[in-house]
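J.: Handing you this structure, nothing more for now.
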Amino acid sequence: MEELLQAPTEGYGEAIVIPKILAENFEIKTNLLQLVQTNKFHGFERDNPHTHISNFKRMTSTLKYRDVPNDAIKLMLFPYSLEGAARIWYEKELPNSILTWDDLVNKFVNQFFPPSKTTHLKNEISRFTQSFEETFGEAWERFKEMLRACPHHGFSELTQIDTFYNGLNEQDQDSQNAAAGGNLLSKTTREALKIIENNQKSVIQDENRMFLG
């Protein structure tokens, strides 16, 4: 009877399998754990798993311990960086189903950044058009933000510049061409990017002068 009343324990193991650590007296530093816990991923629509992974890797790279692979540290700490829907997702993963850091990244990204979302964002980038009342500087910032929102977009720098330029209104296209001493797209990628960035700085400086004046 006593055995029947006991809660089952099978199937409740952790999804992540931590590699065997050979180092003696190894422990995660409290300050690193706290840092990870203050930068949690919740799984909201606006949350970007690529950004979370990048920030998480940057934080965990600060801890180096002899005979302890960095991937093992990341696997140990990653669950502590999840909250809400993201935590629920992790807890529903099958026990012992995540064996490597790459396994974890692939499952995490596919869950919170599915291929359909990638396709949607890539289409948005391809169809970029400067808004009616949008300044050149605002358009450039918005375009860069679109690229950051989908870091695996796969567009070359040449394609990015071509897309941005062709999405500008005629007046701002003329301004870029004037700064280039001809057609902006005839420049090398590096030259064109420098011209765009310099023009943005000039616009910001002009706006600041107008504001202060």
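A short reminder: the numbers here are calculations on the coordinates, not readings from a lab. If you're wondering where the values come from, they're calculated on a predicted model, not measured in any experiment.
J.: Rank Ile18, Ile53, Ile28 by mean-square fluctuation in a GNM of the chain with C-alpha springs under 10 angstrom and give only the top-ranked residue.
T.: With Cα springs under 10 Å in the chain, the top fluctuation among Ile18, Ile53, Ile28 is at Ile28.
J.: Oh, and also: For the chain, take the longest principal axis of its alpha carbons; what is the angle in degrees between that and the long axis of helix 157-167, to the nearest 10 within 0 to 90?
T.: 60 degrees
J.: Looking at the P(r) of region 116-212, how many percent of alpha-carbon pairs lie beyond 21 Å? Intermediate values should be presented prior to the final figure.
T.: On the way: 1541 of 4656 pairs.
Looking at region 116-212, the distances longer than 21 Å represent 33 percent of pairs.
J.: Which of Leu33, Leu147, Leu22 ends up with the largest GNM mean-square fluctuation for the chain, with Cα atoms connected below 10 Å?
T.: Among Leu33, Leu147, Leu22, the largest GNM mean-square fluctuation belongs to Leu22.
J.: Could you point to the label whose value was computed as semi-axes √(5λ) of the Cα gyration tensor in Å for the structure here, given (i) 28, 19, 15; (ii) 47, 20, 16; (iii) 34, 20, 15?
T.: It is the value labelled (ii).
J.: Excluding same-chain residues fewer than 8 positions from Lys187, which aspartates and glutamates have a Cα within less than 20 Å of its Cα?
T.: Glu157, Asp162, Glu170, Asp172, Asp174, Glu197
J.: A further question follows. Are any of the pairs Lys117/Lys144; Lys57/Lys107; Lys29/Lys92; Lys107/Lys144 more than 23 Å apart by Cα-Cα distance, and if so, which?
T.: Where the Cα-Cα span goes over 23 Å, the pairs concerned are Lys29/Lys92; Lys107/Lys144.
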